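Undergrad: Right, I'll just put the structure down here and ask away after.
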Amino acid sequence: METAILSGLDASKALYQSLEERIARLKDQNITPGLAAVLVGNNPASEIYVKNKTKKFEALGLKTDVFRLEESVSEDELLSLILDLNKNADFHGILVQLPLPKHINSEKVLNAIVSTKDVDGFHPENAGLLSIGKPRFIPCTPKGIIFILKHFKIDLTGKHVVVIGRSNIVGRPISILASLKDLGNATVTLCHSGTKDLKYFSKQADVLVAALGSPEFVDASYIKEGACLIDVGINRVEQDGKSKIVGDINQESVSGIASALTPVPKGIGPMTIAMLVENTVLSAELLLN
Ligand code: GUN
């Protein structure tokens, strides 16, 4: 079987085209959607993620500022920055890049972001709205997964979606999204580190979402022929003395068995960034209504 490669670059391009008009309409009213990105410490991966996100905002003529804080910053100082950003009308979205240093309570920090600027969709109010089927800001990676599937005309209705990983960032929200009538209408199984006989479940998947953060964990023995595979992993590994990025799926192993596969890189990564832009534009629009 030929495995179709679902390019996140192609799908995100389509989204950016549809955003141009929305951004122009906002600019006609003297509104430039703005994102405040908060980066704490010197985590190299976080530095790259934030750079990629802000680069895209700049390329689209949107406002973006990075607020850098030392690794040793106190929780109170970080909270005080967030309260300032909550009140700053230049920013329609606030993103605190995770993970935060261990001495900071991430939950407390994320909850301090006013829910109307929570473009990551991590605030309990937005998570709650999603879980009752009335989403406002949907977390960017799950939203990007739904978008890329729609873009490539892969319908989830009645399919069995199996998710591996239950994080609040990807696994849990994608399991909710895929189950909602309007967005996925799929039957969903959420697997995690406590799941017994993972292969029993993963082999039943029509669509398998690998979001466990373990390099090339899923190989051919975990899937059924013709499955559509969504690889959320971004893992840096050393191979032959060189550093490279691999996903949670062993792409070589599943090639020719899966019907479709998102590559790493250039798969779900660009979709996450595109959805952050979309959520920030949405936030600016909601303010007008
Ligand atoms: N760290 C890993 N993924 C994400 C994300 O989507 N948003 C933020 N803020 N931090 C992350």
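Undergrad: Can you work out which of the residues in segment 236-278 that are free of Cβ contacts under 8 Å to residues at least 60 places away in the same chain and among the aliphatic types (A, V, I, L, M) is nearest to H151 (Cα to Cα)? Explain how you work it out, then say what you get.
TA: Initially, segment 236-278 is screened for residues free of Cβ contacts under 8 Å to residues at least 60 places away in the same chain, giving 237-247, 249-253, 264-265.
Subset that is among the aliphatic types (A, V, I, L, M): 237, 245-246, 249, 264.
On the way: V237: 30, I245: 25, V246: 24, I249: 22, V264: 18 Å.
It comes out as V264.
Undergrad: If D231 satisfies every condition in (1) in contact (Cβ under 8 Å) with a residue 40 or more places away in the chain; (2) in contact with a Gly (Cβ under 8 Å, 6 or more places away or on another chain) but one, which is the exception?
TA: The failed condition is (1).
Undergrad: Restricting attention to segment 271-289, does a residue exist that is at pLDDT below 95, among the polar types (S, T, N, Q) and part of a loop (DSSP other than H, G, I, E, B)?
TA: For segment 271-289, residues at pLDDT below 95, among the polar types (S, T, N, Q) and part of a loop (DSSP other than H, G, I, E, B): present.
Undergrad: Quick one: S214 ticks every box in (1) within 16 Å of the ligand (Cβ to nearest atom); (2) part of a helix (DSSP H, G or I) except a single one, so which number is it?
TA: (2)
Undergrad: Regarding A45, is this residue free of Cβ contacts under 8 Å to residues at least 12 places away in the same chain and loosely packed, with under 15 Cβ neighbours inside 10 Å?
TA: Working: free of Cβ contacts under 8 Å to residues at least 12 places away in the same chain: no; loosely packed, with under 15 Cβ neighbours inside 10 Å: yes.
No, not satisfied.
Undergrad: Out of (1) more than 15 Å from the ligand (Cβ to nearest atom); (2) in a helix (DSSP H, G or I); (3) over 27 Å from S74 (Cα atoms), the odd one out for E125 is which?
TA: (3)
Undergrad: Given the criteria away from the ligand (no atom under 13 Å from the Cβ) and basic (K, R), does K134 qualify?
TA: On the way: away from the ligand (no atom under 13 Å from the Cβ): yes; basic (K, R): yes.
So K134 fits the description; yes.
The values are calculated or read from the model by the stated rules, or taken from the named source; none is laboratory data. Just so you know, these numbers come straight off a predicted model, no measurement behind them. Here the Cβ is made from the backbone with ideal geometry for all residues, glycine too, and neighbour counts use every protein chain on show.
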